[in-house]
Structure formats: structure tokens, C-alpha cells
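Enquirer: One structure, as C-alpha cells, below. Some questions next.
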Amino acid sequence: MEIKYDVEVDARGLQCPMPIVNARKTFQTLQSGQTLRVLATDPGSVNDFKGWANMVAEAELVAQETTELDGKTVYIHYVRKK
Amino acid sequence: MIPNGQSAVIERTAPDLSALQEQIQQLQAQVDALRAQSPENRLSMVVFSGDLDRVLAAFVIASGAAASGMEVSMFFTFWGLTALRQKRESRGKTLFQKLMGWMTPVGSRGLGVSKMNFGGIGAKMLRTMMRQQGVPQLEEMAQMARDLGVRIVACQMSMDVMGIHKDELIDGIEVGGVATFLGDATKSKATLFI
């Protein structure tokens, strides 16, 4: 699955709450309609980004996927700014 | 020409309309009152504990909430105040207050864990384990929370009881009482006591 995105945040190796804290910083700089891609190795980030998108009114969780990168499970989150 | 029957209908509905208008006005007033009372997108916390693990949990929740667009207020009271200290000052204190000052940690570096502390070894072990797992240290977490705009208030009453002066605490924090906490807590969606 190839989803288009504008900006990427690499939160691999970071633990809760860093993936959402770093995502927020970049998300704030996005224009409406742009999509942010977040890479994380924290398995909790899957539920965290669902919850985060629920709380942030202008955020829409477009997709989430899991993949193997450099021998590690990586959770990828796509968030679009409404 | 309006037939008799229809004019009778208009006469009957006219008083109903004014009653409806009155009802709408009353409803509007109620909606306004409810809106004024409705919670803000805010989280309020009391940080009573001075345990490293508990204070860390408080800051994780605070920064997570702030990163999710919530307003966050943290009220530090009693043992929680030790996490905000930056120096130890003994002048102008009673004997008990001096003792209290000497026996309590100065700042987050001195905090112990709530279980298995073993004179501070447990706290060092936990910090090492957190570093190994890529978890930010309490100090970084606290700085992050402040960068995200978390409101930090130190409780005046417990400062007075314990003899902690404002200049012993870290900069950039507020001092307030129970009404400061309640003012924020009653407007919050969630309130925690840690």
C-alpha cells in the first residue's frame, strides 16, 4: 500500500509519549490537506495515534500499517490535517 | 378575501407564537448558561507524591495530553513540591522546617522510587533501565511538558507548612491555593490525583 504524504517524522526507538509529542510539533506546521507520516517502533503507538486523532479536532487518521524495516517491526501512521 | 374559518385560525395561533418565542428565549438562556459551565478541553492534576515513578507518570500524562491539544494544569503539593525544588535554603525557617528541608530531596534528581528504592539504588536502576529503553528522563519530560505550555502551580499552603520559599523552586512556575486548583479542575474533562 503506497500512501502519499508530505512530511515524515521518524520516532523509531522512542517510547511513549514521544511519538505523539514529536508528531504534534510537526503536525502544527502542516497546511490544511497535507499528510504526515510517522514511523514508530513502539507497539503502543497504534492505539496512541487512534486516541490522538480522536482528541485533535483537525487531525484525521488516514491509515496505519505495520512493516519490517532493518529487521525491526515498524508501525506507520498517516495523519491528514483537515 | 379571507374566509371566516381561516381568520379564526390566525387569531388562534397568534398567542401561541408569542408563547413559543418566550420558550425559545428561555431555552437560549439555558443553553448560554450550560455553555458557560461546560468543560474546557483541559486536564487537571494534583501531584501529591514525591516518588520518582509517580512524578514521571504525571509528566508522561501531562505531555501526552498537551500534545493532544489539551490545556494541562499540574498542582504540586506536599511531597510533590520536592520535585520542583532547585536549592536548599535554611534561613528564616523553624527548626522543624529546617529538618524537613534537610531530609527531603532537592529536585527531581533526588527523588526515590515508590517501591524497591533501597536508599536510592532503586531510583538509579530505574533511570538506567529507562535510558536503555529510550524513555526520556524525568527532567527532559518535565522540560517538554513546560515547552508544551503545561501550567505548573505550587501549593502555597504546603510551601508554608514545609517552609519552602518560592526562590527554592524552579523558575517559571506559579504559586496558588486550593481555589486555583478547583478553578481549573471544575472546568476540566479529567482530573487526576497522583
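The numbers here are math on the coordinates, done by the rules we state, and not lab data. Just so we're clear, the structure is a prediction, and the values are computed from it rather than from any experiment. Positions of Cβ are backbone-derived with ideal geometry, glycine not excepted, and every protein chain shown enters the neighbour counts.
Enquirer: I'd like the mean, over residues of B:59-70, of how many other protein chain beta carbons sit within 10 Å of each residue's own Cβ.
Expert: On the way: counts 1, 5, 1, 1, 6, 10, 3, 4, 14, 12, 9, 2.
Per residue, the number of nearby Cβ atoms from other chains is 6 on average.
Enquirer: Would you list B:V47, A:V56, A:V7 from fewest to most Cβ contacts within 10 Å? Before the final figure, lay out the partial values.
Expert: Working: B:V47 28, A:V56 22, A:V7 13.
Lowest to highest Cβ neighbour count: A:V7, A:V56, B:V47.
Enquirer: To continue, here is another question. Along the range A:51-66, what does the Karplus equation 6.51 cos²θ - 1.76 cosθ + 1.60 (θ = phi - 60°) give for ³J(HN,Hα), rounded to whole Hz, x for Gly and Pro?
Expert: x, 4, 5, 5, 7, 8, 4, 8, 9, 10, 7, 7, 7, 9, 9, 10
Enquirer: Which pairs, out of A:K25/B:K166; A:K25/B:K187; B:K124/B:K166; B:K115/B:K166; A:K25/A:K81, put more than 20 Å between their alpha-carbon atoms?
Expert: Numbers: A:K25/B:K166 32 Å; A:K25/B:K187 26 Å; B:K124/B:K166 28 Å; B:K115/B:K166 30 Å; A:K25/A:K81 13 Å.
As for pairs spanning more than 20 Å Cα to Cα, those are A:K25/B:K166; A:K25/B:K187; B:K124/B:K166; B:K115/B:K166.
Enquirer: Applying the Karplus parametrisation 6.51 cos²θ - 1.76 cosθ + 1.60 with θ = phi - 60° to the phi angles of the range B:159-174, what ³J(HN,Hα) value in whole Hz is obtained for each residue in order, glycine and proline being reported as x?
Expert: Whole-Hz 3J(HN,Hα) from phi for the range B:159-174: 5, 5, 4, 7, x, 8, 8, 4, 6, 7, 9, 4, 6, x, 10, 9.
Enquirer: Please order A:L69, B:L56 by the number of other Cβ within 10 Å, starting at the fewest.
Expert: Numbers: A:L69 11, B:L56 23.
Going from sparsest to densest Cβ surroundings: A:L69, B:L56.
Enquirer: Let me ask something else. Fewest Cβ neighbours within 10 Å first, please rank B:L27, A:L61, A:L36 accordingly.
Expert: Details: B:L27 10, A:L61 16, A:L36 22.
Starting with the residue having the fewest Cβ neighbours, the order is B:L27, A:L61, A:L36.
Enquirer: Right, here's the next one. Over the protein assembly as shown, what is the percentage of antiparallel beta bridges among all DSSP beta bridges, to the nearest 5? Please list the in-between numbers first.
Expert: Working: 17 of 39 bridges.
The antiparallel fraction comes to roughly 45 percent.
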